[in-house]
1. Would you please list the contacts, defined by Cβ atoms under 7 Å and residues six or more apart or on different chains, that run from a residue in the stretch 185-208 that is within 15 Å of S130 (Cα to Cα) and modelled with pLDDT of 90 or more to a residue that is crowded, with 17+ Cβ neighbours inside 10 Å and hydrophobic (A, V, I, L, M, F, W, C)?
2. Can you find, within the stretch 84-112, the residue that is nearest to A11 (Cα to Cα) among those that are assigned to a helix (DSSP H, G or I) and within 18 Å of the chain's Cα centre (by Cα)?
3. Might you let me know whether the stretch 182-195 holds any residue that is within 20 Å of the chain's Cα centre (by Cα), surrounded by fewer than 18 Cβ atoms within 10 Å (Cβ to Cβ) and hydrophobic (A, V, I, L, M, F, W, C)?
4. Give me the residue from the stretch 45-68 that is free of Cβ contacts under 8 Å to residues at least 40 places away in the same chain and within 18 Å of N104 (Cα to Cα) and, out of that set, surrounded by the fewest Cβ atoms within 10 Å (Cβ to Cβ).
5. Could you tell me whether V254 is in contact with a Pro (Cβ under 8 Å, 6 or more places away or on another chain), at pLDDT 95 or above and part of a loop (DSSP other than H, G, I, E, B)?
6. Counting just the residues of the stretch 159-173 that are surrounded by 12 or more Cβ atoms within 10 Å (Cβ to Cβ) and free of Cβ contacts under 8 Å to residues at least 40 places away in the same chain, which one comes out nearest to T128 (Cα to Cα)?
7. I want to confirm something. Restricting to the stretch 22-37 and keeping residues that are within 20 Å of V137 (Cβ to Cβ) and β-branched (V, I, T), which single residue is farthest from the chain's Cα centre (by Cα)?
8. Looking at this structure, is T227 of a type in the set (S, T, Y), without any contact (Cβ under 8 Å) to a residue 12 or more places away in the chain and in a loop (DSSP other than H, G, I, E, B)?
Amino acid sequence: MPVAVAATPPADWRSQVFAGTLLIVPQVAPLTAFRAYVEQLLDEAFAPSAPPAAQDELAAADFMARIEQLRTWLRGDAHARQLLIPVLAHFGLEPSTTFWDRLNVRVLPAGARPQHEADLALGAHRDTWSSNVYAQVNWWLPLYPVTAERAVAFYPRHWDTPVPNDSGGWDLDQLRRERREGAAPTVPLVPSPTGTVDPSDAVAVVIQPGDLLLFSGAHLHATVPNTSGVPRFSVEIRTVALDDVRAGRGAPNVDGAAPRVPWNWFRRVDDRTPLSDVLA
């Protein structure tokens, strides 16, 4: 698995990502304001506890309720998104031609099973099994120090090796409809392998606050089950560059069978126009 560490983003960084490179850019200066803002929100959300200690100091239900409140707030926080625009510019991305999905803060509790599905330690999966967008780039940044016991793991052997999976029958619209109706879900949270993926193939990638990890959504990856004793706080975004889509650039599809491409998941950075409208 090629891991590249670059002090500044290479001119061809998207091509490298589409070829399977895991790109680490340490201490991205334009991230400073965004990190400070989100850390302030975390401090306020978990007060009087410090966020890394909150799981031990708060009742479990209270801890999870505060996480969900923070997540909901950040998803609609226009100021947080505005603070990310200089980060995109640092990587040569223009707001008028770049599309992203929701801004997601993940809190992975230590030890016991979390009470909210968004905090599950996701097993091996490719994001493209659901998004079906091979020009998708994932951005991952930790908010507090990370160790191998609470990191993200990749399966480099499967970058170009098919993994049997259930993406062909997965439908987000059906999942959402069942939730609205209160019905028992018949669709999993995310598509998953239909067989066993050898856990010994997993390689944990550890970066630190201020660093950025960029990787293709086509990478088989998983959340490392958190055995560290400390919750993991991170932020995730996914971007698509319009010129990549129009030029047909992206990662290879080795095993995805999603029946459609939900371009509407991604919205233009500057005015929130769905990518589906632009491509219509």
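1. Close Cβ pairs (under 7 Å, with a partner that is crowded, with 17+ Cβ neighbours inside 10 Å and hydrophobic (A, V, I, L, M, F, W, C)) amount to P191/W129; P191/W170; P193/A124; P193/V163.
2. Of the stretch 84-112, the ones assigned to a helix (DSSP H, G or I) are 84-90.
Narrowing further to those that are within 18 Å of the chain's Cα centre (by Cα): 84-85, 87-88.
Working: L84: 20, I85: 18, V87: 15, L88: 13 Å.
Only one residue fits best here, namely L88.
3. yes
4. Within the stretch 45-68, the subset free of Cβ contacts under 8 Å to residues at least 40 places away in the same chain is 45-50, 53, 56-59, 62, 65-66.
Imposing the further condition that a residue be within 18 Å of N104 (Cα to Cα) reduces the set to 45-46, 65-66.
On the way: A45: 19, F46: 22, A65: 14, R66: 20.
The selected residue is A65.
5. Numbers: in contact with a Pro (Cβ under 8 Å, 6 or more places away or on another chain): yes; at pLDDT 95 or above: yes; part of a loop (DSSP other than H, G, I, E, B): yes.
Judged against the criteria, V254 is a match.
6. D166
7. Ranking the qualifying residues of the stretch 22-37, first place goes to V28.
8. Details: of a type in the set (S, T, Y): yes; without any contact (Cβ under 8 Å) to a residue 12 or more places away in the chain: no; in a loop (DSSP other than H, G, I, E, B): yes.
Judged against the criteria, T227 is not a match.
The values are calculated or read from the model by the stated rules, or taken from the named source; none is laboratory data. It should be emphasised that the depicted structure is a prediction, and the values quoted were computed from it without experimental measurement. Neighbour counts run over all protein chains shown; Cβ positions are idealised from the backbone, glycine included.
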